[in-house]
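*Asks:* Here it is: the structure, laid out below.
The values are calculated or read from the model by the stated rules, or taken from the named source; none is laboratory data. Every value quoted in this text rests on a predicted model; they were computed, and no experiment measured them. Cβ sites come from the backbone with ideal geometry, for glycine too, and all protein chains shown count toward neighbours. Please note that ligands, DNA and RNA were not included when accessible areas were found on the heavy atoms of the full protein model with its side chains. Shrake-Rupley method; radii C 1.70, N 1.55, O 1.52, S 1.80 Å.
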Amino acid sequence: MMPNYSDDLTDAARYPGLTEHGARVLRFLREHPSAPRYTATCGHHLTPEWLAQVRVFDASLDAEPDGWTPGGVPAWMDAFVEQCFSDVPFYRQYGARPQQFGDIPACTREDISHAPWSFVPDSQPLDGLVWYNTTGTTGHPLIVMSHPVTAASYLPLVRRALSAHGVTLSVESERVLYLLVGWQRKSYAYPSVVPEMAEMGCAKLNLHPADWRDPDDRARFLDVCDPQFYTGDPLAFAELMRLPLRTSPRALVSTAMALLPGMRGALEAHFACPVIDLYSMNETGPIAFTQGDARILLQPRLFVEVLDERGAPCPPGVRGELVVSGGMNPFLPLLRYRTSDFASLEFRGRRPVIVGLEGRQPVIYRSTGGTLLNNLDVTNPLRPLALPQFTLHQRADGALAMRVRAPAPDEAAIRTAVRDLFGADQAVSIEIVDSLGDKVVQYTSDITM
């Protein structure tokens, strides 16, 4: 996943205010003999005005977070709800604003998938609009509209999580700030710079050997970059542990998939640094990070509820579905958005924390040749097909069972895409059904690593 910027832009357009130092950093990342085969271009697009907004957001995180009490809502919520009902087409369709916050209907990923533009406030300028393509476990493809300021605001939130674990980032002109690593058969990879950190380098990299001229270049390039921290998912970090690195990061930030305690312990022992489990969604950005027995909320203007299966609020300590309101994306103000993730809320004073989060597990498949694949590898070849919703399960014997909601493309096209990835002799059954239900687990497998 990456924001959709035009590939026709110059560096001056992608990196407003780029200095000679920043240009040198980009040349280093692009032209180093051990650099990967980059597959995309992506800049920060932050004008001086937008960069100033990022710094204001960063400074605001130093203030005491505006919490709430059980059964209550934050002080800013009344004005936010009023704005949503008056300025956002999707929420206006509800009619008159209910007197009680809990009477506002909840919305879902499917609502955004159906009409992402209906969540954009009428008053929101379209300057700087970017958008993301993403596919989640529910099977509903999603376009997330966003802004460069929103994307750049991830780093202050990550830095807050790092600080809570005793990790401080510093400006070191000859060192890369961070590397976002993945492990997929096919993925975007690109270099960039971080303007709010003196144009230190950063990059999104795919650790799969196919994206490198020489598999040994992976360790060589990561060592010469010497990033202050890595971010990625547990699958990428498992591959990172296999590389003969000579350098050590200050921290690893795990996101996108559930990080099991055993894996976390192995990573901390191997890299001798904190491993921070970040709960984040494309729709919201970073939500919370693990500290001790709980997850600490990160965003000062994100309200979290827990609802039961009937949509009623759960008391503190009782498990239910996490529902969020607010957020930092001006193109996607969320009002009672169901996350499809489950946990409980506990209160420590006015500070709510998430406990027992049921995260999204990485799903492993195996090709007929024995290659391990993850669920993102499966999504990529299926993306060109007009699949409204589907599930894919691999049995222990390797056979695949796929269910697709009608209307669906020709079964032969689906079978070809699957076998192009898994192997020409892959056993696969395809069933076209009228409905898969509102909430499905898209990827499942009996294969283990």
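*Asks:* Would you be so kind as to identify which of Y279, A424, A198 lies farthest towards the positive end of the dipole of the chain, taking Lys and Arg as +1 and Asp and Glu as -1 on Cβ and the Cα centre as origin?
*Replies:* In the chain, that residue is A424.
*Asks:* Run the helix sum for the chain: -39,500 (n - 2.57) per DSSP H stretch of 4+ residues, divided by residue count, reported at 222 nm to the nearest 500 deg cm²/dmol.
*Replies:* Taken over the chain, the calculation gives -7000 deg cm²/dmol.
*Asks:* Sort 54-62, 412-420, 192-200 by packing, meaning the average of other beta carbons within 10 Å per residue, with the highest value first.
*Replies:* Working: 54-62: 13.8, 412-420: 15.7, 192-200: 21.6.
The most tightly packed comes first, giving 192-200, 412-420, 54-62.
*Asks:* From the list [x] 49, 25, 20; [y] 32, 30, 23; [z] 52, 28, 17, can you say which value of semi-axes √(5λ) of the Cα gyration tensor in Å was derived from the structure given?
*Replies:* [y]
*Asks:* Roughly how many Å is it from the Cα centre of the range 17-88 to that of the range 332-360, as a whole number?
*Replies:* 22
*Asks:* For the range 177-259, take the convex hull of the Cα atoms, compute a quarter of its surface area, and give me that in nm², please.
*Replies:* Over every viewing direction, the Cα hull of the range 177-259 projects on average to 5.5 nm².
*Asks:* Here is a further query. Return the Cα extents of the range 1-125 along principal axes one, two and three, sorted largest first, each rounded to a whole Å.
*Replies:* Largest first, the range 1-125 extends 62, 37, 27 Å along its Cα principal axes.
*Asks:* Right, next: If you count, for each residue, the other Cβ atoms within 10 Å and average over each peptide, how do 177-184, 162-169 line up from highest to lowest?
*Replies:* So the order, starting with the most tightly packed, is 177-184, 162-169.
*Asks:* Same structure, new question: Full-extension gain between A396 and L126, please, as 0.36 nm times their residue separation minus the C-alpha to C-alpha distance.
*Replies:* 92.3 nm
*Asks:* Going 7 Å from the Cα of T448 in the Cα-to-Cβ direction, what parts of the range 231-271 have a backbone nitrogen less than 20 Å from that spot?
*Replies:* 234-236, 238-239, 258-267
*Asks:* Just want the answer: with Cβ charges of +1 for Lys and Arg and -1 for Asp and Glu, which residue in P215, L307, L259 is farthest toward the dipole's positive end in the chain?
*Replies:* Of the options given, the answer is P215.
*Asks:* Could you please state, rounded to a whole Å, how far the C-alpha centre of the range 148-196 is from the C-alpha centre of the range 238-309?
*Replies:* The two parts, judged by their Cα centres, are 14 Å apart.
*Asks:* So if R0 is 35 Å, what FRET efficiency would E110 and A164 give, r being the distance between their Cβ atoms, rounded to the nearest 0.05?
*Replies:* Rounded to the nearest 0.05, the efficiency is 0.50.
*Asks:* As an exercise, identify the chymotrypsin sites (Phe, Trp or Tyr not before Pro) in the range 230-314 lying in DSSP coil whose Cβ has no more than 15 other Cβ atoms within 10 Å.
*Replies:* none
*Asks:* Just the number, please: carbon plus sulfur as a percent of the accessible area of the chain, 1.4 Å probe, no ligands or DNA/RNA counted.
*Replies:* 53
*Asks:* List the trypsin sites (Lys or Arg not before Pro) within the range 313-358 that DSSP assigns to loop and that have no more than 12 neighbouring Cβ atoms inside 10 Å.
*Replies:* Counting only loop positions with at most 12 other Cβ atoms within 10 Å, none of the trypsin sites (Lys or Arg not before Pro) in the range 313-358 qualifies.
*Asks:* Another question about this same structure. How large is the charge dipole for the chain, taken about the Cα centre, if only the Cβ atoms of Lys, Arg (+1) and Asp, Glu (-1) carry charge, to the nearest 20 debye?
*Replies:* It works out to roughly 580 debye.
*Asks:* Given a 10 angstrom Cα cut-off, can you work out which residue in Y132, Y15, Y94 is the most mobile in a GNM of the chain?
*Replies:* Highest fluctuation of the listed residues: Y94.
*Asks:* Additional query: With every protein chain left in place and a probe of 1.4 Å, what is the accessible surface of D397, to the nearest 10 Å²?
*Replies:* 110
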